[in-house]
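Read through the structure below, which is laid out as structure tokens, and then see the notes.
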Amino acid sequence: MEQRTYNQYCATARTLDLVGERWTLLLIRELLTGPKRYGDLQASLRGLGTGLLAARLKYLEREGLARKVTLPPPARTPAYALTPAGEELGPAILELARWGLKWAMGERRDTEAFHPGWAVLGLRACFDPVAAEGLRAVYEFRIDDEVFHARIDDGTVEAVHGPAQYPDATVTMSEESFVRLTGQGLTFAEAVETGVASADGDEEALRRLKGLFPLPLPHSRNP
């Protein structure tokens, strides 16, 4: 596959030469939350054909942004993971997510795919370290069949896929309600108060949760 270039000796242009092609940054987004099997990537990136997915993965390997790995037991299956260079794109992608929540989201279109698991990066992007000062708690989120959790440790956050071993608080809601929460048509407090979400666990952890992941206020791009 021919690699297009801006032909500019500029760090921004060189970076876009590497990751500016369609689907490339979304592949890196998927791998930022841990190694993924080929089938996992296919499931998360609806609309990306198998041929283009394979080509993009080979490209990321060739450019030193991703590598092949074998998942640990009991899976023991081939997967893809980011290299250190790929991992360092994480802050840039989180900044793009924050920008998008403020300037680009709006209501979900009928043709748009949605996976609750994308919220793992969303939790990292929206995390307020000041609101988490002095807090040590583990929150588990159950969105239909999708489960992920966030570990808060005095102003830091680690958000990962899968259930927590010992959650201090658990939040459960449907994917439909979670979409409304993501699109800012519903706040967490409103979701709990109206019964579209349930929250169980330590009262102090639940009280602090409301301020841990504030969504940026949506703005119009047009004056």
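Here the Karplus relation 6.51 cos²θ - 1.76 cosθ + 1.60, evaluated at θ = phi - 60°, turns the backbone of region 169-176 into coupling constants of 8, 10, 10, 10, 7, 7, 4, 4 Hz, with x for every Gly and Pro.
Secondary-structure-derived ellipticity at 222 nm for the chain, considering helices only, amounts to -10500 deg cm²/dmol, per-run term -39500 (n - 2.57) for DSSP H runs with n ≥ 4. Our analysis of the chain gives Rg over Rh at 0.98, with the two radii drawn from alpha carbon positions and Rh computed by the Kirkwood formula.
Using every pair of distinct Cα positions in region 111-223, the Kirkwood expression returns a hydrodynamic radius of 14.4 angstrom.
Per the Cα gyration tensor, region 18-72 maps to an equivalent ellipsoid with semi-axes of 15, 14, 11 Å, ordered largest to smallest. Couplings 3J(HN,Hα) of region 36-44, computed from phi: 10, 6, 4, x, 4, 5, 4, 5, 7 Hz, in residue order, whole Hz [Karplus 6.51 cos²θ - 1.76 cosθ + 1.60, θ = phi - 60°; x for Gly and Pro]. Shown here for region 1-91: GluC sites (Glu not before Pro) in loop regions (DSSP other than H, G, I, E, B) with at most 11 other Cβ atoms within 10 Å, namely Glu2, Glu88.
Comparing Pro163, Pro73, Pro35 in a Gaussian network model of the chain (Cα springs below 10 Å), the most mobile by mean-square fluctuation is Pro73.
Here the Karplus curve 6.51 cos²θ - 1.76 cosθ + 1.60, taken at θ = phi - 60°, turns the phi angles of region 57-64 into couplings of 5, 4, 4, 4, 5, 4, 8, x Hz, with x standing for Gly and Pro. The magnitude of the dipole of the chain, with charges of +1 and -1 set on the Cβ of Lys/Arg and Asp/Glu and taken from the Cα centre, is near 1000 debye. Modelled spin-label separation between Arg136 and Thr172, with each label point placed 7 Å from Cα along the Cα-to-Cβ direction: 2.9 nm. Just in region 142-223: which trypsin sites (Lys or Arg not before Pro) are loop by DSSP and have at most 11 other Cβ atoms within 10 Å? Counting only loop positions with at most 11 other Cβ atoms within 10 Å, the trypsin sites (Lys or Arg not before Pro) in region 142-223 are Arg221. Cross-link partners among lysines for Lys58, C-alpha distance below 24 Å, same-chain residues fewer than 8 apart left out? Output for Lys58: Lys36, Lys68. Mean-square fluctuations from a GNM of the chain, with a 10 angstrom spring cutoff on Cα atoms, peak among Val196, Val171, Val160 at Val196. Accessible surface of the chain, 1.4 Å probe: 52 percent of it comes from carbon and sulfur atoms.
Ignoring lysines fewer than eight residues from Lys210 along the same chain, the ones with Cα atoms less than 24 angstrom from its Cα are Lys102.
Largest GNM mean-square fluctuation among His161, His115, His149, using the chain with Cα springs under 10 Å: His115.
Of the chymotrypsin sites (Phe, Trp or Tyr not before Pro) in region 117-182, not one is in a loop by DSSP (not H, G, I, E or B) with at most 10 other beta carbons within 10 Å.
The values are calculated or read from the model by the stated rules, or taken from the named source; none is laboratory data. Treat the numbers as computed from the prediction; the structure is a model and nothing was measured. Neighbour counts run over all protein chains shown; Cβ positions are idealised from the backbone, glycine included. To get the accessible areas, we keep the full protein, side chains included, count just its heavy atoms, and leave off ligands, DNA and RNA. Shrake-Rupley method; radii C 1.70, N 1.55, O 1.52, S 1.80 Å.
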